[in-house]
1. Looking at region 22-32, which of its residues are surrounded by 15 or more Cβ atoms within 10 Å (Cβ to Cβ) and assigned to a loop (DSSP other than H, G, I, E, B)?
2. Do we have any residue at all in region 41-55 that's without any contact (Cβ under 8 Å) to a residue 40 or more places away in the chain, touching a strand residue (DSSP E or B) at 6+ places or on another chain (Cβ under 8 Å) and either more than 11 Å from ligand 1 (Cβ to nearest atom) or in a strand (DSSP E or B) (or both)?
3. Within region 33-45, how many residues are surrounded by fewer than 16 Cβ atoms within 10 Å (Cβ to Cβ) and over 14 Å from residue 102 (Cβ atoms)?
4. Suppose we filter region 1-15 for residues that are assigned to a loop (DSSP other than H, G, I, E, B) and either within 8 Å of ligand 2 (Cβ to nearest atom) or modelled with pLDDT of 95 or more (or both); how many remain?
5. Has region 84-93 got any residue that is in contact with a strand residue (DSSP E or B) (Cβ under 7 Å, 6 or more places away or on another chain) and either part of a strand (DSSP E or B) or at negative phi (or both)?
6. Any idea which of (1) surrounded by 15 or more Cβ atoms within 10 Å (Cβ to Cβ); (2) free of Cβ contacts under 8 Å to residues at least 24 places away in the same chain; (3) outside any loop (DSSP other than H, G, I, E, B) is the one residue 66 doesn't satisfy?
7. Going by the structure shown, is residue 96 in a loop (DSSP other than H, G, I, E, B), touching a residue at least 24 places away in the same chain (Cβ under 8 Å), farther than 19 Å from residue 17 by Cα and in contact with a strand residue (DSSP E or B) (Cβ under 8 Å, 6 or more places away or on another chain)?
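The values are calculated or read from the model by the stated rules, or taken from the named source; none is laboratory data. Keep in mind that what you see is a predicted model, and the values were worked out from it rather than measured. Here the Cβ positions follow ideal geometry from the backbone for every residue, glycine too, while neighbour counts run over all protein chains shown.
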Ligand code: 5GP
Ligand code: ZN
């Protein structure tokens, strides 16, 4: 059994607040919300980081991202949105299952940057 926390979310072994799901991709709220609506987008298949990502998996993730960004925009009405992706411990990665952070922005003092 995988020890990967995001694989456990994919498998339904631990709960998450799902924002979007299709055959290949899952998006859910980050447990530690940097700003309201902070979402993580992951491939369902386990890939540690960008260095393991294949073109088809990258395509699945980045095909879903605009849809998810627009769903966040509709629900939370941010004035902007940052994409963030950390790869490797020295780059700030703490969960080693590839993920893209979608961080909605609400202007000065929104808590990010
Ligand atoms: P990283 O630092 O690897 O780019 O980001 C990992 C993110 O995963 C962090 O923002 C952290 O809050 C989030 N995270 C860690 N464990 C869980 C969890 O069990 N559930 C959810 N929803 N998010 C998690
Ligand atoms: Zn995993």
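1. Start the filter on region 22-32 by keeping residues that are surrounded by 15 or more Cβ atoms within 10 Å (Cβ to Cβ), which leaves 24-30.
Listed by number, the residues that qualify are 24, 30.
2. So far as region 41-55 goes, yes, one or more of its residues are without any contact (Cβ under 8 Å) to a residue 40 or more places away in the chain, touching a strand residue (DSSP E or B) at 6+ places or on another chain (Cβ under 8 Å) and either more than 11 Å from ligand 1 (Cβ to nearest atom) or in a strand (DSSP E or B) (or both).
3. So the count comes out to 0.
4. 6
5. Yes, because at least one residue in region 84-93 is in contact with a strand residue (DSSP E or B) (Cβ under 7 Å, 6 or more places away or on another chain) and either part of a strand (DSSP E or B) or at negative phi (or both).
6. So the condition that residue 66 fails would be (1).
7. It is false that residue 96 is in a loop (DSSP other than H, G, I, E, B), touching a residue at least 24 places away in the same chain (Cβ under 8 Å), farther than 19 Å from residue 17 by Cα and in contact with a strand residue (DSSP E or B) (Cβ under 8 Å, 6 or more places away or on another chain).
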